[in-house]
Amino acid sequence: MLLATVRKRALHTVQLLQPFLGPVARGAHTHIHTRTQGESSTGTHQSLAGLSEICKQTNTLLLVDTVCSLGGVPLFADAWGVDAIYSGSQKCLSGPPGAAPLFFSQKAMDKLQRRKNVPATYNLDMNLVGGCNPLKLEAARVALLHWV
């Protein structure tokens, strides 16, 4: 779904069908590397350890989908250098559907503050989600709940 949204906005995407080991192409700059930590229909899980070191080499943010894994397997965002995490409440957390916990590192929040383009919809604009501006909070990371 993330890939479809990005393509709809006519942004350049590179879909990797092999392990991510660094820059996609010589001279190319990737802004965000996305990874899914776990997938419930097949029961797969992958470690995120070491990915942040690769992302740091190219100044790339590490965004992790934890919808199926948050609360079910270990997640050490600070230790693993994860910049942004989104999740859902209905899987391992056994919460009501529709709540979406979010996490941003200071690096991710700084990048959001410097953004020049306004998102196409309000639910993609972190300045508006939840009726507050998380970028002005003093905390390095913010968890928001967004009911859809």
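With the requirement that a residue be of a type in the set (Lys, Arg) and surrounded by 12 or more Cβ atoms within 10 Å (Cβ to Cβ), what does the stretch 98-116 give you? So that I can check it myself, show each step before the final result.
As a first pass, look at the stretch 98-116 and keep what is of a type in the set (Lys, Arg): 107, 111, 114-116.
Result: 107, 111, 115.
Which residue out of 83, 78 is of a type in the set (D, E, K, R), in contact with a Ser or Thr (Cβ under 6 Å, 6 or more places away or on another chain) and at pLDDT 90 or above?
Of 83, 78, the one residue that is of a type in the set (D, E, K, R), in contact with a Ser or Thr (Cβ under 6 Å, 6 or more places away or on another chain) and at pLDDT 90 or above is 83.
Condition check ((1) closer than 18 Å to residue 32 by Cα; (2) in contact (Cβ under 8 Å) with a residue 12 or more places away in the chain) across all residues:
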position	(1), (2)
55	yes, yes
65	yes, yes
68	no, yes
72	no, yes
90	no, no
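I'd like the full set of residues that are surrounded by 18 or more Cβ atoms within 10 Å (Cβ to Cβ) and over 17 Å from the mean Cα position of the chain (by Cα), limited to the stretch 42-97.
Once the filter is applied, which keeps residues that are surrounded by 18 or more Cβ atoms within 10 Å (Cβ to Cβ) and over 17 Å from the mean Cα position of the chain (by Cα), the stretch 42-97 yields 91, 92.
The values are calculated or read from the model by the stated rules, or taken from the named source; none is laboratory data. Here the structure is a predicted model, which means the values were calculated and not measured. As a convention, Cβ positions derive from the backbone with ideal geometry for all residues, glycine included, and neighbour counts pool all protein chains shown.
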